[in-house]
Amino acid sequence: MKTTTKHISFLFEVHQPFRLKKYHFFDIGNDNNYYDHENNARLLLSIAEESYLPTVQILMDLINTYGNSIKISFAISGTALDQMQRYAPHVLESFQRLAATGNVEFIGQTNSRSLFSATSMNSFSMEVGLHKKAIEKHFRQIPSTFLNTGFILSEQLCNTIFELGFKAIITTDEAAVVHGKNQYAIYKNNSVKPLKFLLRNSSLSNDISFRFSQKDWSEWPLTADKYISWLKGLQPKEKIVTITMDCTSFGSTHKSNTGIFSFLKFLMHYLAEDKEMILSTPQEALESHQPRSQSFFPNSYKGSKSVGNEVFENELQMEAFKSLYHLENKLGKLNNQQLHKDWSYLQSADHFYYMSDNGFFDNYFNPYNSPYDAFLNYMNVLTDFSLRLENANKAVATSIPLL
């Protein structure tokens with residue numbers, strides 16, 4: 001085993017929501033098939049060909065060459081896994097082959113990238129449980145590190161995450177940077193149960209995720225040599241570097257002709273052969289150092305009682321989310337698999353991000369022409385879903401079998 005001073009953890013995020021079809025007012029009560037399967041399949045297959053499959057192949061080739069010197073992690077949502085199983089089994093099989101190497105840690109999260117951790121520990125726990133089962137089913141792992149949608153945190157949430165069996169959570173380094181703390185360390189907080197905190201390095205992550213192909217960026221072009229020099233330039237005390245990015249950064253956000261795949265190959269090649277740095281999974285990084293016991297992040301907590309401007313930016317988003325949340329009690333203990341699946345799929349944060357008016361989401365992924373179109377379509381679907389819940393509850397109350 002090589003002598004190391006820094007542990008570098010690369011986390012690739014994979015997520016696809018079940019985008020809704022155009023659902024009109026007159027469909028309410030007449031159509032409970034909400035999803036645009038044709039568009040979802042088209043997008044998944046397109047993204048897989050330009051991003052997922054070549055990225056996985058590069059990582060497989062690197063592992064075959066360097067063995068245990070290549071360690072990485074993936075956070076794959078349950079909705080992405082469901083889409084792969086439905087539309088593109090060969091893509092799921094490629095991830096399974098990567099998992100079979102034993103060099104990949106799979107990270108826990110909510111099944112659909114839900115935002116319910118800000119409002120309901122019950123629905124949040126159900127979502128986490130669904131995702132755990134999916135990871136165990138497809139990859140024969142039980143996640144022990146957690147990544148929450150939007151980096152939402154609260155003391156209650158941290159305690160719940162620990163009780164759900166997780167040892168650590170990956171969160172943003174924002175609070176550490178603001179308060180002048182070491183963002184390259186592992187932390188724990190004495191006010192919550194013994195959950196460890198790994199901090200995502202926002203700058204180094206975004207250099208790859210967002211800035212790689214921006215020609216007006218002062219550091220363009222970003223080469224593997226330059227990136228390695230930044231890592232080597234960190235102070236000796238800065239021992240843990242956690243870099244997370246959407247897997248679509250490779251091939252979709254930054255097309256293959258930008259050199260993004262060559263960058264990935266050479267970056268991993270240099271790290272695999274370097275004597276001062278080691279590629280680690282999050283759990284390996286956590287085991288390598290003792291956590292600092294400091295309450296460094298209280299100001300980064302999000303409220304656990306309501307979802308407001310700290311999560312959403314406009315009234316459309318808040319109204320849609322509150323309408324969804326108010327259906328939680330109607331779902332109750334209904335034993336209806338399709339209703340529970342729709343409940344999970346409708347929680348995806350993407351539905352609410354599509355209602356954003358900040359122009360962040362590219363039309364390639366966003367199927368709507370405006371935030372209001374996204375809101376109206378979602379609310380039509382939610383109205384039908386609410387009627388189905390009412391009918392299911394009436395059927396249970398009167399002991400009438402629901403067909």
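With a Förster radius of 30 Å applied to the C-beta separation of His340 and Thr101, the computed FRET efficiency comes to 0.35.
Which percent of the accessible heavy-atom area of the range 315-398 goes to carbon and sulfur, probe 1.4 angstrom? Walk me through the numbers before you get to the answer.
Details: 2170 of 4250 Å².
On the range 315-398, the fraction of accessible area on carbon and sulfur atoms equals 51 percent.
Can you tell me how the range 315-398 classifies by the Cα gyration tensor, rounded, prolate or oblate, using a/c under 1.5 as the rounded cut?
Working: a/c = 2.83, a/b = 2.44, b/c = 1.16.
Prolate, since a/c reaches 1.5 and a/b exceeds b/c.
Centre-to-centre separation between the Cα atoms of the range 331-390 and those of the range 57-109: 28 Å. An oblate overall shape is assigned to the range 161-209, the ratio a/c of its alpha-carbon gyration tensor axes (a ≥ b ≥ c) being 1.5 or greater and a/b not exceeding b/c.
Quick check for you: with a 1.4 Å probe and neighbouring chains kept, what is the accessible area per residue of the chain, in Å²? Display every interim value, and only then the final one.
Numbers: 17840 Å² over 403 residues.
Value returned for the chain: 44 Å² of accessible area per residue.
Just the protein heavy atoms count here, and of the accessible area of the range 6-294 at 1.4 Å, carbon and sulfur take up 49 percent.
In the chain, the longest principal axis of the Cα atoms and the axis of helix 89-99 are about 40 degrees apart. Rounded to the nearest 5, the antiparallel percentage of DSSP beta bridges internal to the chain is 15%. Of the residues Ser144, Ser280, Ser323, the one that moves most in a GNM of the chain with alpha-carbon contacts below 10 Å is Ser323.
Please say if the range 1-135 is rounded, prolate or oblate, where rounded means a/c under 1.5 for a ≥ b ≥ c the square roots of the C-alpha gyration tensor eigenvalues, and otherwise the choice is prolate for a/b larger than b/c and oblate otherwise? It comes out oblate by the Cα gyration axes. Mind pulling the angle between the C-alpha long axis of helix 260-273 and the longest principal axis of the chain? Nearest 10 degrees, somewhere in 0 to 90. For 260-273 against the chain, the angle is about 50 degrees. Sorting His340, His131 by solvent-accessible area of protein heavy atoms yields His340, His131, largest first, with a 1.4 Å probe.
The values are calculated or read from the model by the stated rules, or taken from the named source; none is laboratory data. Because the structure is predicted, anything quoted here is derived from the model rather than measured. Neighbour counts are summed over all protein chains in view; Cβ atoms, including those assigned to glycine, are modelled from backbone coordinates with ideal geometry. With ligands, DNA and RNA removed, areas are computed over all heavy atoms of the protein, side chains included. Shrake-Rupley method; radii C 1.70, N 1.55, O 1.52, S 1.80 Å.
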